[in-house]
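Worksheet: one structure, shown below.
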Amino acid sequence: MIKLDNVFKYYRSHGHRKVVLDHVSLDFAAGRSYGILGVNGAGKSTLMRLLAGTELPNGGRVVRSSRVSWPLGFSGGLHPMLSGRENVKFVARVYGQDARKVIDFVEDFAEIGAYIDAPIRTYSSGMMARLAFGLSLSIEFDCYLIDEVTAVGDARFAARCQEEFSKRRRTADVIMVSHAMTTIQQYCDRGMVLAGGRMHVFNSVDDAIELYKKLNA
């Protein structure tokens, strides 16, 4: 599904080098769902961007053999001057989807009314989240990337998000980053801990949680 081949990733800040992944090689196998834990600043969100392909490693390579989503609910790639409809149409075409079908899904799911035809720079944070989450779920992927968020908005809309995401999970895998250990246990059957530039891989989510607790102690 996704393979990290000797991936090296670092940032430079204030004259220091922060290593996120120190020549890491591992496979995210199809048919498994992975939960990734790590203390604040370990680089979990950076890892998700590498898996999504929105950021490149300094060395090594990330190989994808299946359709991998952008992080669920991510809106950073949307153009603020374009309307919600125009953004959705553009993304649908990029992914080779039926634009009309995707627009209909997002329009119904996001429930932002006439704002679908307004520039998204005029959206509230809640409206933007609804559009982004609907767009994430409108395209069927083999693997969904989730960086903390699994639902947005009020209780009713959050329930719709959970229901729709549950449908996707019947035929797709998940790679999830979260501080919520119960969420990791609910969605994942394999655990990983990112610490000091290394990925500690466990066959059991509970074993990964135990290491995470020790690092947080």
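Any read-out appearing in this document is the output of simple, stated calculations on the displayed coordinates, not a laboratory observation. This structure is a prediction, so every number in the text was calculated from the model and none was measured. Ideal geometry is used to build each Cβ from the backbone, glycine not excepted, and the neighbour counts take in all protein chains shown.
What to note about this one:
- Relative contact order, percent, the stretch 145-217 [alpha-carbon distance under 8 Å, six or more residues apart]: 22 percent
- Using the Cβ-Cβ distance between Leu211 and Glu111 with R0 set to 41 Å, the FRET efficiency works out to roughly 0.50.
- Normalised contact order of the stretch 91-217, rounded percent, pairs of Cα under 8 Å and 6 or more residues apart: 16 percent
- Between Asp22 and Thr54, the contour length at 0.36 nm per residue exceeds the alpha carbon distance by 9.6 nm.
- Here the Debye sum runs over all C-alpha atoms of the chain as equal scatterers in vacuum, and log10 of I(q)/I(0) at q = 0.15 Å⁻¹ comes out as -1.00.
- Across the stretch 2-146, the relative contact order, built from alpha-carbon pairs under 8 Å that are at least six residues apart, equals 25 percent.
- The order of the peptides 183-192, 86-95, 196-205 by mean Cβ neighbours within 10 Å, most packed first, is 183-192, 86-95, 196-205.
- Under the Karplus curve 6.51 cos²θ - 1.76 cosθ + 1.60, θ = phi - 60°, whole-Hz ³J(HN,Hα) for the stretch 193-207, x wherever Gly or Pro sits: 10, 9, 8, x, x, 10, 9, 9, 9, 10, 6, 10, 4, 4, 5
- For the chain, the Cβ-based charge dipole about the Cα centre amounts to some 560 debye (Lys, Arg positive; Asp, Glu negative; other atoms uncharged).
- Peptide ranges 52-65, 120-133, 22-35 listed from the most packed, as the mean C-beta count within 10 angstrom indicates: 120-133, 22-35, 52-65
- Shape call, the stretch 130-192: gyration tensor on alpha carbons, a/c limit 1.5: oblate
- In units of the rule-of-thumb radius 2.2 N^0.38 Å, the stretch 63-129 shows an alpha carbon radius of gyration of 1.14.
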